[in-house]
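The values are calculated or read from the model by the stated rules, or taken from the named source; none is laboratory data. Note that the structure is predicted; figures quoted are calculated from it, not measured. Cβ placement follows ideal geometry from the backbone for every residue including glycine, while neighbour counts extend to all protein chains displayed. Remember, those area values only see protein heavy atoms, side chains included, never the ligands or the DNA or RNA. Shrake-Rupley method; radii C 1.70, N 1.55, O 1.52, S 1.80 Å.
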Amino acid sequence: MPILYSYRRCPYAMRARMALKYSGIQFEHREIVLRDKPKSMLLLSPKATVPVFCVNDLVIDQSLDIMKWALDQSDPDGWKTVNEQAAQSWIEKNDGPFKKRLDQYKYPNRYPELDQGEVLSEVMDLMLKPMEDALRSDQYLLGNRMTWVDIAIFPFIRQFSMVNPKSFEEMPFPNTKKWLHDHIQSDLFNAVMEKHSAWIDSEIKKT
């Protein structure tokens, strides 16, 4: 059975788990402890971050590559059918400058030299405003059908919304809030957020 090393709250791991679940891929879930990462995972992927997916002799340690692998196995609702240029634009923005600003917003103590008001303004200009514009006319980021791009970006918008929930609720982005709420309430998301006991390598001997 394929193995996935994961961390419940990691947005990269979330999108990998959602794609695997959507595609109907059965796998062994190994929940890691960030401060005590299992050696078995580190041997497979020295970069030491989740997710790490192992199937047969293939090791995939980038979340987007795990999503792509899963959708290549099964894509019942056509998540892969997208405008590739538009999809790439959203992903580059999310995984690049937006993720950087999100970290600065979430961990202000790490960036005392930054003006948090400016950081928040840039976060909104980078993602929230473009998303609101896209969702004003369509139900999803690339039209009226969900695609892998929505799933890839959703965990990061969720993370942003949780930094300061009161502030987020006061922001003028009703369509983005609805998009986020629908994902949070979805059966798919809730299915991949079940809690798992931490994996301990010694357990390998018991299987």
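What to note about this one:
- Pair list, Cβ under 7 Å, 6 or more apart: region 56-67 residue touching a residue at least 24 places away in the same chain (Cβ under 8 Å) and surrounded by 13 or more Cβ atoms within 10 Å (Cβ to Cβ), other residue charged (D, E, K, R) and in a helix (DSSP H, G or I): S63/R15; M67/R15
- Contacts under 8 angstrom Cβ, first residue in region 103-120 being under 19 Å from M162 (Cα atoms), partner assigned to a helix (DSSP H, G or I) and open to solvent by 80 Å² or more (accessible area, probe 1.4 Å), 6 or more apart: D103/R110; Q104/R110
- Among the conditions (1) out of contact with any Ser or Thr (no Cβ under 6 Å at 6 or more places or on another chain); (2) assigned to a helix (DSSP H, G or I); (3) farther than 23 Å from L4 by Cα, E132 misses just one, which is (1).
- Boolean, C10 is surrounded by 17 or more Cβ atoms within 10 Å (Cβ to Cβ), within 19 Å of V149 (Cα to Cα) and not aromatic (F, W, Y): yes
- Residue selected from region 150-207 under the condition part of a helix (DSSP H, G or I) and among the β-branched types (V, I, T), by the criterion most open to solvent (accessible area, probe 1.4 Å): I204
- Scope region 102-120; condition polar (S, T, N, Q) and either open to solvent by 50 Å² or more (accessible area, probe 1.4 Å) or at pLDDT below 95 (or both); matching residues: N109, Q116
- In region 13-44, the qualifying residues are those that are surrounded by 13 or more Cβ atoms within 10 Å (Cβ to Cβ) and free of Cβ contacts under 8 Å to residues at least 40 places away in the same chain, and the one that is nearest to F189 (Cα to Cα) is F27.
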